Amino acid sequence: MKVPKDIWKENPEILLSKAYEDNFEWCVSYVRKNSGTADNAADIFQESISIAWINLKEGKFQGDSENFNAYIRQVCKFKWINQLRSISNNKIILKEDLSDFEGKTDLDSVEQDSSQIDLLHASFSSIGEKCRDLLDKFYFKRESLATIAQQHNATEASVKTIKYRCMVRLRKAYLELSKGNE
């Protein structure tokens with residue numbers, strides 16, 4: 001049976017109740033299996049159901065009730081993965097095969113992303129203090145080139161050139177380390 005585009009208008013309480021009933025315990029189990037608590041799961045589930053509900057209301061989700069349940073579970077998985085990444089600085093190990101995700105990621109790509117991030121950290125560490133400081137200020141602290149130039153008693157153009165050279169060093173270091181790890 002297809003979910004009508006505006007089912008949320010016809011029976012929102014029933015649909016929402018069914019979504020909670022069908023998916024909440026699954027979310028708690030999934031989060032607990034992957035280094036979380038029941039409280040974490042409740043938060044993740046609430047955010048996920050809200051996202052899924054908004055997308056249903058806006059007509060971005062089309063399908064039957066089983067597809068809606070699968071959609072909610074997929075949102076839960078991605079929300080939890082993102083939270084684990086932020087908690088553990090992108091070093092996560094999940095206890096479930098993620099190959100059933102449609103398109104976005106699977107366990108291999110998560111592991112690959114994690115190893116690429118490790119390589120990037122190692123590359124960043126190898127480029128020298130001045131380059132790290134400049135790139136940190138520009139990319140992570142979001143300082144403008146003009147502000148950085150004032151701090152270093154330099155012109156904005158020279159800071160831009162130095163930033164470019166630092167990025168070249170970073171790319172070179174990254175490529176060298178990635179070739180060494182193959």
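Here are a few things to note about the model shown:
- Sequence ranges 150-156, 172-178, 47-53, ranked by mean other-Cβ count within 10 angstrom, highest first: 47-53, 172-178, 150-156
- In this Cβ point-charge picture (+1 for Lys and Arg, -1 for Asp and Glu), segment 107-180 has a dipole of about 440 debye about its Cα centre.
- With a simple spin-label model that places each label point 7 Å from the Cα along the Cα-to-Cβ direction, the separation between GLU143 and ASP43 comes to 3.2 nm.
- Fully extending the segment from ASP136 to GLN116 would add 5.3 nm, taking 0.36 nm per residue of separation and subtracting the current Cα-Cα distance.
- Across segment 7-87, the relative contact order, built from alpha-carbon pairs under 8 Å that are at least six residues apart, equals 30 percent.
- Here the calculated FRET efficiency for LYS179 and ARG85, from their Cβ-Cβ distance with R0 = 25 Å, stands at 0.45, rounded to the nearest 0.05.
- Among the listed pairs LYS137/LYS179; LYS79/LYS179; LYS33/LYS79; LYS18/LYS57, those beyond 22 Å (Cα-Cα): LYS137/LYS179; LYS79/LYS179
- Scalar couplings 3J(HN,Hα) for segment 45-60, obtained by applying the Karplus form with A = 6.51, B = -1.76, C = 1.60 to θ = phi - 60°, are 5, 4, 5, 5, 5, 5, 4, 4, 5, 4, 5, 5, 4, 7, x, 7 Hz; x denotes Gly and Pro.
- The alpha carbon radius of gyration of segment 17-79, expressed as a multiple of 2.2 N^0.38 Å, is 1.06.
- When the Cα positions of TYR30, ASN55, ALA42 are compared along the charge dipole of segment 15-63, ASN55 comes out farthest toward the positive end, with charges on each C-beta of Lys, Arg, Asp and Glu.
Just so you know, all these numbers are worked out from the coordinates, no wet-lab data involved. Computed from a predicted model, the values in this text were never measured in an experiment. Here Cβ is always computed from backbone atoms with ideal geometry, including for glycine, and neighbour counts include all displayed protein chains.
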